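Worksheet: the structure to be examined is printed underneath.
The values are calculated or read from the model by the stated rules, or taken from the named source; none is laboratory data. Source: prediction; values computed, not measured. We place every Cβ from the backbone using ideal geometry, glycine too, and count neighbours over all the protein chains shown. These area figures cover heavy atoms from the full protein model, side chains too; ligands, DNA and RNA do not enter into them. Shrake-Rupley method; radii C 1.70, N 1.55, O 1.52, S 1.80 Å.
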Amino acid sequence: MRKLILLSVLAVALASCSNVGKYKDAIESLSSDWESTTSQVTAVVDQINQAQAQAKSALEGMNPSEEVVAAFTDEQKTKLASLKQAVQGQMSDLGALSQQAFEFVSKWQEEGQKLTALKDGLASGKLPGDVQATIDSLKGLIGTAKENATTWAGKVESAQTTVASATQSYNSLVGGMAQ
C-alpha cells in the first residue's frame, strides 16, 4: 500500500512537471510579446501627451495683441477664430484619446498580473488555473494593444498635422503685423 501511495505521489509530481514544461515555451513567448507590446503602447501614450502639450502651446500662442486684432478685417477675424477652433477641436479629440488610452493601460496592467502569475508558476513548478485559457486571453489582449497603438498613433499624427497647419496659418495671418 505504501508503494502504491508513493508511486501515486510520484506520478502526480511528474505529471505536474510535464504540465509546466508543456507551457514553458508558450509562457516565455507570451512574456516577450507582452514586454515589446508594453513598450509600443507606452511610446504611443507618450506621443499623445506630447501632442496635447503641443496643441495647448499652439493655442496659447494664438493671441495677437489688441492692436493687431483691431487692424484685422472681418475676414481675418473669422480666420483667427476658425484656427483657434481647429486647435481646440484637436485638444478635445486628444483629451478623449488620452482617456481611452488611460483606461486601456489600466486594464493592461491588471491583466499583466495574470502573466506574472504564469511566470511565477513556471518558476515554482505550479501553474495556476486554466493555463491555456489565460495564455489565449493574454494573446488576444496583445493583439488589441497592437491595434490600439496603431490607431492611436494615426490619430496623434493627424492631430499634430492639423495643429501644425493651424499654427502655420496663424503665423501667416499675423506675419506682417506687429503683435
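For this structure, a couple of remarks:
- In the stretch 44-124, lysine pairs with alpha-carbon atoms under 29 angstrom apart (chain gap of 8 or more, or interchain): 5
- Residues of type aspartates and glutamates that K155 reaches as a straight line, Cα spacing below 18 Å, ignoring anything fewer than 8 places off in the same chain: D46, D93, E103, E147
- Candidate aspartates and glutamates for bridging to K24, where Cα separation is under 20 Å - those fewer than 8 sequence places away on the same chain excluded: D33, E35, E111, D120, D130, D136
- Qualifying trypsin sites (Lys or Arg not before Pro) in the stretch 89-179, DSSP loop, other Cβ atoms within 10 Å at most 12: K126
- Taking the Cα centre of the stretch 48-130 as origin and assigning +1 to Lys and Arg Cβ atoms and -1 to Asp and Glu Cβ atoms, the resulting dipole is close to 300 debye.
- Per-residue accessible area (protein heavy atoms, 1.4 Å probe) orders F102, F72 as F102, F72, starting from the largest.
- Taking Cβ atoms as reference points and 14 Å as the exclusive limit, the residues near V156 contribute a net charge of -2, counting Lys and Arg as +1 and Asp and Glu as -1.
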